[in-house]
1. Check Glu182 against each of (1) loosely packed, with under 15 Cβ neighbours inside 10 Å; (2) touching a residue at least 40 places away in the same chain (Cβ under 8 Å); (3) not in a loop (DSSP other than H, G, I, E, B) and name the one condition it does not meet.
2. Which pairs do you get when a residue that is under 27 Å from Pro155 (Cβ atoms), found in segment 185-201, comes within reach of a residue that is modelled with pLDDT under 95 and of a type in the set (Asp, Glu), reach meaning Cβ atoms under 6 angstrom, with the pair 6+ apart or on two chains?
3. Here are the criteria: (1) in contact with a helix residue (DSSP H, G or I) (Cβ under 8 Å, 6 or more places away or on another chain); (2) of a type in the set (Gly, Ala, Ser); (3) farther than 22 Å from Leu115 by Cβ. Tell me which single one Ala228 does not satisfy.
4. Can you report the number of residues in segment 116-144 which are over 31 Å from the mean Cα position of the chain (by Cα) and among the polar types (S, T, N, Q)?
5. Do you know which of the residues in segment 107-116 that are buried (at least 18 other Cβ atoms within 10 Å of the Cβ) and in contact with a Phe, Trp or Tyr (Cβ under 7 Å, 6 or more places away or on another chain) is farthest from Glu84 (Cα to Cα)?
6. Mind checking which pairs have a first residue in segment 108-124 that is of a type in the set (S, T, N, Q) and a second that is exposed (fewer than 13 other Cβ atoms within 10 Å of the Cβ), Cβ under 7 Å, 6 or more apart or different chains?
7. Are any residues in segment 155-179 exposed (fewer than 11 other Cβ atoms within 10 Å of the Cβ) and either in contact with a strand residue (DSSP E or B) (Cβ under 6 Å, 6 or more places away or on another chain) or under 18 Å from Pro68 (Cα atoms) (or both), and if so, which ones?
8. Looking only at segment 103-112, decide whether some residue is over 21 Å from Ile186 (Cβ atoms) and of a type in the set (A, V, I, L, M).
Amino acid sequence: MNTKLVGACFALFFLLTGCNDEPVEPEVEVPELDPEVMEEEIDGVEEEPAEVDEQEVEEPQETPEADPMAYLPEDGAVKNFKGEGNEYAELTIEVEHLDEKHIAMYEDNGGTRVLRIYRISEQQIDLVLEQPEFYEMYEDDPTGLDVIGTYLKFPLEVGQTSSLGEIMETDGTVETPYRTFEEVVIFESEEQEGSINRYYFVEGYGEVKREFIMDTEEGEMDFIVTSALESIE
């Protein structure tokens, strides 16, 4: 056999066997980690709090509780009203607290003296007695009196009705000889003949003005009778 041919065959054999050998990766020593050391390192890392979008949350506003006594005069008070438009428009109202729940008001217009007794509860003030031509002081027990009508109902809101009429405003303004009042609660009622009654109430003072308005013939001014607070004794 030819020597050169034999050498070429051996060279081809080694070349083929070398191509089939897979590369051997070098061994790498991985150090063993101590579990206790790992726990200490993890515990020592402080986590930063996640950012939270701060949103302003409006808390519901509670409606302040109404104080019915704030719309009634103090015990022993005398309220004087200046009158215009009628000889009986000038008024004097004397106030007497009969007990914790009952108040008497003696209204004198120069022609007659009317007694009215009111009963106070948490949500309203009721009229329990109305007696004209009463010229003495009330001395009976008012607890057994029946309700005649609702004088004021709380909270005072536009559209609410009582024996005074319908509430038209709760933030009105009214001028009286005593002073100019703001945040006035205005009641209005219409009679069958077309006349209008208006009552003006202010917290801390109670009634401060009343009006009687009657339509007249076309082209003439309306007939108006007013009683407005002038002084408090």
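1. (2)
2. Ile196/Glu190
3. Condition not satisfied by Ala228: (1).
4. Selection size over segment 116-144: 2.
5. Leu115
6. Between residues of segment 108-124 that are of a type in the set (S, T, N, Q) and residues that are exposed (fewer than 13 other Cβ atoms within 10 Å of the Cβ), the close pairs are Thr112/Pro132; Thr112/Glu133.
7. Result: Glu157, Asp171.
8. yes
The values are calculated or read from the model by the stated rules, or taken from the named source; none is laboratory data. Just so it is clear, the structure is predicted and the values come from calculations on it, not from any experiment. In this analysis, Cβ positions are derived from the backbone assuming ideal geometry, glycine residues included, and neighbour counts consider all displayed protein chains.
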